[in-house]
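In what follows, a single structure is set out as structure tokens and then discussed.
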Amino acid sequence: MSYRVSVVSIERCIGCYSCMFACSRFRFGEVSLAKSAIQVKSAGGIERGFVIVVCRACVDPPCVKSCPTGALTPRPGGGVIFNEAKCNSCKSCYEACIVRAVVWDEEKDKPIICRYCGFCTKFCPHNVIVFEPMGRELLV
Amino acid sequence: MINSSLYNVLYIDLTERKYEVQERRDLFEKYLGGAGVAVKLLEEECPKGVDPFSPDNPIILAVGPLTGLYPLASKTVAMFKSPLTGNLGESHAGGRSAVAIRLAGYGAIVIKGSSRTPVYISIFNDQVRIKDATTLWGMRSSYAVGRVLREIEPGAGKRTIMRIGIAGENLVRYANVVVESYRHFGRLGLGAVFGSKKLKAIVIAGTRGVKVYDLKAYMKVYEEIFRSITETGVMSKYHVLGTAENVLPLNAMGALPTRNLMQTRFELAENISGETLAEKYLVRKIACTHCPIGCIHLASLRIAFAPGYEYETLVIPYDYEPIYSLGSMLGIGSAEGLLRLIEKVEGLGLDAISVGVAMAWATEAYQRGLVTDKETMGLRPNWGEDVEVYIRMAEKIARRANEFYSALADGVEVAASKYGGLDFALTCGGNEVPGYHTGPAAIVGFLTGPRHSHLDSAGYSIDQKALRGPMIEEEMVKQIVEEEKFRNVLTSLVICLFARGEYKLEKVVRALEPLGIRTSPEELMKLGAEIQRAKASFKAREGFNPYNMRIAKRFLETPTPLGKLSEERLRDMIRMYIEMAGLKSVYATLD
Ligand code: SF4
Ligand code: SF4
Ligand code: SF4
């Protein structure tokens, strides 16, 4: 079963950025808002709340199809696997993902791609995001 | 410590329109950051006896070693010479400010000089730009300024936008700086200092990363603190009702200043309580960056502005302090009226406590005939009877509409010195008083605290302990002194004071260790004492004298839950404070 991070109750988000800091510390070993595969954005003024952008683990991923070097390959069951060695920094995937879940690492000039580890969800104080098997929403 | 970007101090000169970065490892290694570093920079940068509105008065913003790294290390400390009290100006704000400063690559920012035309400062990592703000000057509402800057500046969602309203432009001595629409550098007039420099706003964003010395240990301590904060309920009250939860308990014990402290119980408290606001108006709770609690409560208010089902919907932040100062103090017992007044005051960029206390005094002065329709320009304040009067009054103060409102804009003490009524002009050390008439510890805390705020030493909580079991005055003062030192530690790190229950000294020591900073609880408290002394020295240098502070009669006449206060005892306690805090030599020439 493939897991992914799902945004289940965005209106409960308090905009604490704990999820972003979790990803940056776990995956990049640093504290940063630039290096995180999950992004918190304001929905246009804090009074309107927030938007969480994270990889949806598409079953037929546009980012993969856009990648000219084969650095991105589909993960069985949905989502994508990134092989940095093959990446030529063309930014095609960044453009291809219309939800903007491909974050660009300006320092390395490489995409930041979610690894579906679920670490970020452990730090959401309001269960806005959950780590769940794909297709679970079909079961309820 | 390898995250050395904290040592970077950005110096901006608005007169010369230039900037430079200096490495100040010396300051951060010795004083951690925040309040500790800021007070040292203030000593360095602020010339003795300077006019607070002179270009030479510096604005200092500082964060600390924990900023961005741990939950609730979410505050920025501002220091300056206060145009309200004429001595130490210190004010703290959260929002996105602290993390933005740190991730832009700085530990502190010092702004000096002044511009001839309105400007705003835009900081994005190492790009620092001073930009034209002519079109923003005079804008009716601070909210609108935020909206414009959101469109034109980079870093959406992660940046801080600090700006002043027209109160700051007009040098109202308690004008604030609004941060992210809902947070503030509230007290002591930072907004007026911005205004005097023709500085309308500062936008800061950054994409830098901070590395720690021992990642594994850091992740472990982080997780422990995070779990404790979010799962044990140490902080849940701040999320549930927020600080507004204080309204009913303070009212029940007879400590909620009402109608300029003629009373301490408000018969309409229920209507403006945290419970009522939450049940009827609360629509969203939000957090400062890296705070999993989220104490910011936003109310929504639908107002019909014309016949034909024409509605406007306002989103308004509320907290205990404005409920007190713009609610019970003015006898306003309708939630709708209160929220409308808060919204106005926010938009004008006035400190809610100061302007509320000023208008409460004005109401009493008007009723006693000390001022007439001529001074008030026809406004007839009569406590909660007509909120519209107060909405217009706040506007007139922000615009310094005539001599009377201009005096109010200089602080209630100035107005009362001019028109009479000092006995009921409620300031401590020149700062309008916060809303806790709980007993001697609260008042002594306001009088002795370096910023004359309830946040200096939280005397109100000591009074409440004394209510549960008798406490002698020495003990009260001892607790005030110790609490103030402890808070100096937290505000140097910089930890939100609401998290004081979690960040006990032992925990702070453990949180610092993975960053390569070794210390002990004793050493931290020594630092707290040193900062206490540094603040007092600055105050003394600027002419503050704790021995002859004015104590308004009203504080003594209106009983607290611990009985009536005596001036003599309060002055004794001030002396005890000076003695116990080891500040006798600081104030030696004044005694
Ligand atoms: S990065 Fe975007 S396109 Fe690729 S799998 Fe995730 S959501 Fe789909
Ligand atoms: S699942 Fe893992 S990689 Fe993806 S956003 Fe969360 S922490 Fe980052
Ligand atoms: S951790 Fe949860 S509440 Fe906080 S920003 Fe992320 S999704 Fe929102």
Study note, to complete from the structure: Within segment B:162-203, the residues that are without any contact (Cβ under 8 Å) to a residue 60 or more places away in the chain and either surrounded by fewer than 24 Cβ atoms within 10 Å (Cβ to Cβ) or not charged (D, E, K, R) (or both) are B:G195
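Inspect segment B:336-348 for any residue being on the phi > 0 side of the Ramachandran plot and either in contact with a Gly (Cβ under 7 Å, 6 or more places away or on another chain) or not assigned by TED's automatic domain parsing to the domain that holds B:G191 (or both) and give the result as yes or no.
Taking every residue of segment B:336-348 in turn, none turns out to be on the phi > 0 side of the Ramachandran plot and either in contact with a Gly (Cβ under 7 Å, 6 or more places away or on another chain) or not assigned by TED's automatic domain parsing to the domain that holds B:G191 (or both).
Residue-wise test of (1) assigned to a loop (DSSP other than H, G, I, E, B); (2) without any contact (Cβ under 8 Å) to a residue 40 or more places away in the chain; (3) buried (at least 17 other Cβ atoms within 10 Å of the Cβ); (4) of a type outside the set (A, V, I, L, M).
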residue: B:G308; (1), (2), (3), (4): yes, yes, no, yes
residue: B:P317; (1), (2), (3), (4): no, no, yes, yes
residue: B:G333; (1), (2), (3), (4): yes, no, yes, yes
residue: B:I342; (1), (2), (3), (4): no, yes, yes, no
residue: B:E346; (1), (2), (3), (4): no, no, yes, yes
residue: B:I353; (1), (2), (3), (4): no, no, yes, no
residue: B:T363; (1), (2), (3), (4): no, no, yes, yes
residue: B:L379; (1), (2), (3), (4): yes, yes, yes, no
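Mind listing whichever residues of segment A:40-58 are touching a residue at least 60 places away in the same chain (Cβ under 8 Å) and within 17 Å of A:A96 (Cα to Cα)?
A:V54, A:C55, A:A57
Could you tell me which of the residues A:A22, A:A37 is within 14 Å of ligand 1 (Cβ to nearest atom), aliphatic (A, V, I, L, M) and within 30 Å of B:V221 (Cβ to Cβ)? Before the answer, list the steps.
Values: A:A22 fails: within 14 Å of ligand 1 (Cβ to nearest atom).
One residue alone meets the criteria, A:A37.
Out of the residues in segment A:1-19 that are in a loop (DSSP other than H, G, I, E, B) and among the β-branched types (V, I, T), which is farthest from ligand 1 (Cβ to nearest atom)?
A:I14
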Exercise for review: Please enumerate the residues belonging to segment B:349-382 that are closer than 27 Å to B:G138 by Cβ and touching a Gly at 6+ places or on another chain (Cβ under 6 Å).
Suggested key: B:G349, B:D351
Practice item. Tell me which residues, restricted to segment A:13-30, are within 7 Å of chain B (Cβ to nearest Cβ), touching a helix residue (DSSP H, G or I) at 6+ places or on another chain (Cβ under 7 Å) and touching a residue at least 40 places away in the same chain (Cβ under 8 Å). Key: A:S18
Exercise for review: Report yes if some residue within segment B:576-588 is surrounded by 19 or more Cβ atoms within 10 Å (Cβ to Cβ) and among the polar types (S, T, N, Q); otherwise report no.
Suggested key: no
Review point. Before we move on, is A:N88 more than 15 Å from ligand 2 (Cβ to nearest atom), more than 14 Å from every other protein chain (Cβ to nearest Cβ) and in contact with a Leu (Cβ under 9 Å, 6 or more places away or on another chain)?
Key: no
**Study point:** Failed item in (1) closer than 25 Å to B:G105 by Cβ; (2) within 14 Å of chain B (Cβ to nearest Cβ); (3) under 13 Å from the mean Cα position of the chain (by Cα), with A:A37 passing the rest
**Key:** (2)
Study note, to complete from the structure: Those residues of segment B:88-123 which are outside any strand (DSSP E or B) and surrounded by fewer than 24 Cβ atoms within 10 Å (Cβ to Cβ) amount to B:G105, B:G113, B:S114, B:S115, B:R116, B:T117, B:P118
Check your understanding: Looking at segment A:53-62, which of its residues are outside any loop (DSSP other than H, G, I, E, B), touching a helix residue (DSSP H, G or I) at 6+ places or on another chain (Cβ under 9 Å) and within 16 Å of ligand 3 (Cβ to nearest atom)?
Key -> none
Check your understanding: (1) touching a residue at least 60 places away in the same chain (Cβ under 8 Å); (2) more than 27 Å from the chain's Cα centre (by Cα); (3) over 30 Å from B:V357 (Cβ atoms): which one isn't true of B:I225, the others all being true?
Key -> (2)
Practice item. Please find, within segment B:555-588, the residue that is farthest from B:K40 (Cα to Cα) out of those that are part of a helix (DSSP H, G or I) and either hydrophobic (A, V, I, L, M, F, W, C) or at pLDDT below 95 (or both). Key: B:L556
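The values are calculated or read from the model by the stated rules, or taken from the named source; none is laboratory data. Since we're looking at a predicted model, the values are computed, not measured. Using ideal geometry, Cβ is built from the backbone for each residue, glycine included, and neighbour counts are taken over all protein chains shown.
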